[in-house]
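These notes concern the structure reproduced below.
The values are calculated or read from the model by the stated rules, or taken from the named source; none is laboratory data. Owing to the predicted nature of the structure, the values given are computational and were not obtained by experimental measurement. Positions of Cβ are generated from backbone atoms using ideal geometry, with glycine treated the same way; all protein chains shown enter the neighbour counts. Calculation scope for accessible area: heavy atoms of the full protein, side chains included, ligands and nucleic acids excluded. Shrake-Rupley method; radii C 1.70, N 1.55, O 1.52, S 1.80 Å.
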Amino acid sequence: MPASAHEAFWNRLSRSGLVDAETFAALRHAHDATVPSADLENVPAIAQWLVRQGTLTRWQVRRLAADEPGPLFLGDYRLLDRRDRRGDGLLFSARYDPSGRFVSLMLLNARLCRNVEVWTEIVRKTTAAHRATHPLLTRTWALEQAAGSRFIVCEAAPGRPVADELQRLGPLPPRDAALVVARACRAVAQLHAAGGVHGAISLDALIREPAPRGADERTGRVRLLQYPLVGDPHTVVLRPAIGTDEEIAALGSRAAFVAPELLLPDQPCDPRSDVYALGCLLHTLLVGRPPGWNGDPQETLKKAAFSGLEPITAESGVPPEIATLVSYMTTRDPEARYQTAADAADAIAACCGLTPDEEAAEDHDSGPSAAAAAAHAVPDGAGEALPGGAGQALPGEIGVPAPEPEKPGWPGAVEARGGGAAGGAGTSRRRIGRSLQRQIVAVTLPALLALVAFAFVVPQFIGRRDRDVRDVAGRDRPPPKRQGVPADSETPPVASPADAGQPNDAPPRDRATNDTVQPAARQIVVDDQSLPWASPTSGPPPTLAYLPPGADLVLLVRPAEIDAAAEGRLFVKSLGPAAEAGIASAAAVCGVPWDAIESLQAAWQPGQGDDVVGSYAFRIAAGRSLPADEAARAAAWGRTEPLTIDGENVFKGPRLCFWIPAVGESRTLVAAPEPLLRAIIGEWQANRGVSGLAVSLPRDTETLVGMLDASRHVTLLGSPHYLVHDGRGMLAGPLARLVTPLAMFFGDAVRAAALSLHFGDAVYVEFDAVATAERPAVKLAPQFAAALGRMPDDVEQYCAALDPDPYGRTLVLRLPAMLRVLAANLRSGAEGRGAVINAYLPPRAAHNLALAAELALAQGDAVAMPQPAEPVMAAGVAARLRNRMSLVFAKETLEKSIQMVAEEIGVPIEIRGPDLQLEGITKNQSFALEERDRPAEAILLTILAKADPAGRLVYVIRREGDVESVEITTKAAAANRGEKGIP
């Protein structure tokens with residue numbers, strides 16, 4: 001018996017891949033529990049409900065409801081909507097699932113791509129568009145293939161057509177219009193310099209991004225759509241489609257922007273026809289309608305070709321000098337026009353008195369909307385390399401990086417020689433509990449914090465002065481050769497039509513060695529200066545299994561892989577005797593050598609008083625065994641006694657308990673104090689069988705973990721606030737000097753950050769931070785990058801004030817030069833809510849930087865570290881309550897919903913339970929909520945009203961010293977205490 005229509009719809013959703021099995025089950029349960037029975041089997045009502053939940057888009061539910069054929073995914077890109085457009089090719093709004101970034105996808109016609117001329121032009125035009133990076137132009141990111149489909153990835157470019165704006169608001173003021181077109185001329189000139197021609201400039205190609213909330217809509221930035229978002233991406237000869245009456249009719253008002261010479265047979269667009277269209281665009285913005293447009297495309301083309309455009313009249317209010325300028329740009333004779341877009345831009349600037357600063361104002365504006373910022377880049381590894389043909393044929397742009405120019409030598413070429421500055425900690429073996437905690441910290445924490453200090457902290461406090469921020473994107477420095485990516489390439493012949501759409505079974509080879517190269521990064525356009533570098537690893541995010549709930553700082557290490565890398569061994573050696581002791585402790589606990597430990601996970605959180613408690617999870621390599629019998633356990637752990645915790649067999653020692661989970665193939669060992677291990681086991685059992693993240697974390701930390709890669713050799717992640725407050729005891733010795741600078745640098749609004757290292761042919765370093773509403777990622781990333789740009793000069797002043805010990809003097813004095821190499825290879829960008837800053841460094845960089853930074857810190861007691869004027873990120877409770885947020889759920893309690901608001905805005909919110917109980921209000925009352933893009937305060941008040949419709953609940957802002965928090969209480973209780981409740 002066939003399934004009913006509504007069951008068929010649910011079945012299609014479960015098979016679609018749009019939601020995982022767990023989410024599907026939760027959605028089905030929530031729907032059946034909350035929707036009226038009359039709508040339970042109504043497919044349109046189910047579809048509308050899914051859209052309201054934010055689970056699916058309207059386009060997705062229409063596809064599912066109609067059971068339409070065709071993909072809902074292209075590789076890792078989730079298709080969200082199909083946008084109407086002319087010509088071959090399908091344009092989709094999409095989201096790149098690994099990072100959550102929104103993009104536009106132009107799906108190419110497979111049949112046309114098999115034509116060698118078409119394919120060659122697609123590659124050429126994509127390359128030119130990719131190289132044109134003027135902020136006015138929409139960005140074209142990559143040419144990719146997935147599941148046999150070829151597509152171009154470009155910026156999502158949210159905004160409204162300027163044509164609609166002119167119709168509603170009338171023409172722009174002359175100076176504003178001139179400024180828009182001058183910038184457009186500069187952008188198109190950049191496209192010409194990259195070997196391209198726009199060929200589709202018209203009012204339809206101009207959009208305006210949303211203005212900041214509350215501002216005039218004309219303050220939003222104007223953008224010019226470029227290939228492939230305008231025109232037909234498969235066109236071989238770039239010219240308007242005017243071969244038939246139907247094609248001319250389809251032009252509509254775009255006919256007013258067609259240069260007269262393009263009416264000649266086979267005449268292609270060139271820079272002069274772009275200048276004509278730019279002149280028509282200026283005419284349109286000045287008078288509010290396209291030049292010569294009378295509603296008939298055929299008549300408009302004829303009039304422009306035979307009699308030319310009518311000049312702008314004085315009655316229009318346009319200054320005569322600007323009207324004359326427009327006539328020069330739009331004359332019928334292409335030889336009489338400005339010959340290049342750059343010449344036209346210069347003429348507009350001179351005519352209107354525009355300064356270079358005015359023209360460049362939006363170039364440095366951080367002002368794209370949040371949606372625009374989220375779509376600003378395509379993540380590395382976002383598609384598969386095109387098979388064999390022109391897609392891999394262009395060095396430096398599509399397929400492979402450009403040949404690397406000669407680089408200055410790495411200034412820190414000093415081999416590690418045992419003890420470092422961090423060796424001040426005692427190295428004697430003490431009881432296993434406390435010594436294991438301190439020694440594991442010593443393995444990597446000092447070096448990582450030293451790198452953080454010199455990368456992000458010291459520049460904020462040493463030698464602050466006004467200066468030009470150096471270019472930190474490494475524009476003249478391609479990255480060092482990366483794993484799986486050839487360092488250089490020659491241009492192979494273009495694929496034949498028969499091969500253009502077929503996979504190439506032969507893997508690419510490094511032309512220098514003829515060795516097979518296994519691509520690690522699948523993105524085709526690889527050398528974009530405005531994006532972070534491609535990661536050398538492509539592993540999943542860490543699962544953080546066996547992590548205790550409430551962990552504030554987590555260290556992930558892959559000892560066996562570090563020991564297998566030459567630089568990894570030097571890095572560990574550079575950390576000195578303390579690291580050696582830590583390695584010995586870890587090996588002793590596991591009963592195997594250090595290089596047989598596959599992974600180590602250490603976590604720390606507050607204990608009693610100022611104490612810090614830690615837990616440790618080890619996984620040893622296959623074929624190795626953990627201590628299995630009593631004698632082996634006694635040798636590794638000391639004296640223990642058996643203990644059962646929630647059905648799990650545990651061995652209790654004087655300070656730590658040891659647990660070998662049965663499901664870990666006897667290769668996993670967890671060590672922690674008994675109370676902490678009980679929490680670990682409880683959390684593990686609660687999340688057993690769950691794919692992905694295996695522990696409950698604060699929302700920002702979960703976001704951060706999703707940005708990370710479990711295959712990196714070293715990762716330190718967690719809460720900066722914890723490190724400099726409750727966890728400051730971990731910053732012992734010279735690192736104690738970092739407490740105040742770190743606290744001031746991060747402020748109280750960066751709630752989750754991570755630093756990771758990976759050793760390979762080059763050293764890879766990455767810093768990740770989760771942004772907040774008051775400082776979004778698109779602003780946070782360049783802010784950190786700018787600090788790094790100032791870093792070498794500031795650190796040079798710091799080091800010059802030192803009197804280094806002769807032992808490490810040479811290395812310390814080389815530190816500024818090493819940091820200049822870091823700054824030169826640095827890139828930054830936004831990925832969803834996260835800011836990413838990364839760099840590739842020479843192979844010997846990590847151990848030299850770590851040792852030099854430790855030495856500089858250890859010997860800097862006499863050098864003052866001034867305090868910054870203000871933290872990088874700070875905001876009071878009142879300001880954070882004004883931040884906008886969204887909160888949607890089908891059913892949650894007052895307590896849980898308050899917790900979600902608190903996590904979102906980063907403000908502690910406490911419910912005074914006894915106050916509520918006095919009036920019969922419970923924290924467990926459940927309700928639904930759908931609040932989008934509203935101030936947090938408004939959402940908080942809505943929650944209080946839903947939890948108590950009688951209106952008895954209020955919130956109070958409480959201050960204790962410098963700490964602010966929010967308390968939920970009742971009006972009566974607040975009045976009794978003399979507090980002012982809101983509302």
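Given the criterion in contact (Cβ under 8 Å) with a residue 60 or more places away in the chain and either surrounded by 18 or more Cβ atoms within 10 Å (Cβ to Cβ) or hydroxyl-bearing (Ser, Thr, Tyr) (or both), identify the matching residue among Ser599, Ser625, Ser615, Ser666.
On the way: Ser599 fails: in contact (Cβ under 8 Å) with a residue 60 or more places away in the chain; Ser625 fails: in contact (Cβ under 8 Å) with a residue 60 or more places away in the chain; Ser666 fails: in contact (Cβ under 8 Å) with a residue 60 or more places away in the chain.
Sole residue among the options that is in contact (Cβ under 8 Å) with a residue 60 or more places away in the chain and either surrounded by 18 or more Cβ atoms within 10 Å (Cβ to Cβ) or hydroxyl-bearing (Ser, Thr, Tyr) (or both): Ser615.
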Using the structure shown, decide if Tyr807 is among the hydroxyl-bearing types (Ser, Thr, Tyr) and open to solvent by less than 20 Å² (accessible area, probe 1.4 Å). no
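Let's see how each residue does on (1) part of a helix (DSSP H, G or I); (2) closer than 19 Å to Ile122 by Cβ; (3) among the basic types (Lys, Arg):
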site	(1), (2), (3)
Val51	yes, no, no
Leu56	no, no, no
Trp59	yes, no, no
Arg62	yes, no, yes
Ala65	yes, no, no
Pro69	no, no, no
Arg85	no, yes, yes
Asp88	no, yes, no
Being open to solvent by 30 Å² or more (accessible area, probe 1.4 Å) and closer than 19 Å to Glu960 by Cβ is the filter; apply it to the stretch 873-908 and report the residue that is modelled with the lowest pLDDT. Ala874
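If you check Asp646 against the conditions, is it surrounded by fewer than 19 Cβ atoms within 10 Å (Cβ to Cβ), among the acidic types (Asp, Glu) and under 12 Å from Gly591 (Cα atoms)?
Working: surrounded by fewer than 19 Cβ atoms within 10 Å (Cβ to Cβ): yes; among the acidic types (Asp, Glu): yes; under 12 Å from Gly591 (Cα atoms): no.
No, not satisfied.
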Return yes when Ile968 is at pLDDT 90 or above and either farther than 30 Å from Thr55 by Cα or open to solvent by 50 Å² or more (accessible area, probe 1.4 Å) (or both) and no when it is not. yes
Which residues, taken from the stretch 919-932, are open to solvent by less than 70 Å² (accessible area, probe 1.4 Å) and assigned to a strand (DSSP E or B)? Ser926, Phe927, Ala928, Leu929, Glu931
If Ala255 satisfies every condition in (1) assigned to a helix (DSSP H, G or I); (2) modelled with pLDDT under 90; (3) surrounded by 22 or more Cβ atoms within 10 Å (Cβ to Cβ) but one, which is the exception? (2)
Sort out which residues of the stretch 920-937 are touching a residue at least 60 places away in the same chain (Cβ under 8 Å) and among the charged types (D, E, K, R), and write them in order of number. Glu930
Among (1) open to solvent by less than 40 Å² (accessible area, probe 1.4 Å); (2) out of contact with any Pro (no Cβ under 9 Å at 6 or more places or on another chain); (3) at negative phi, where does Gly100 come up short? (3)
Residues (at pLDDT below 90 and open to solvent by 50 Å² or more (accessible area, probe 1.4 Å)) located in the stretch 951-963: Arg958, Arg959, Glu960, Gly961, Asp962, Val963
Name the single residue that is farthest from Leu887 (Cα to Cα) among those in the stretch 5-27 being open to solvent by 50 Å² or more (accessible area, probe 1.4 Å) and of a type outside the set (Asp, Glu). Ala5
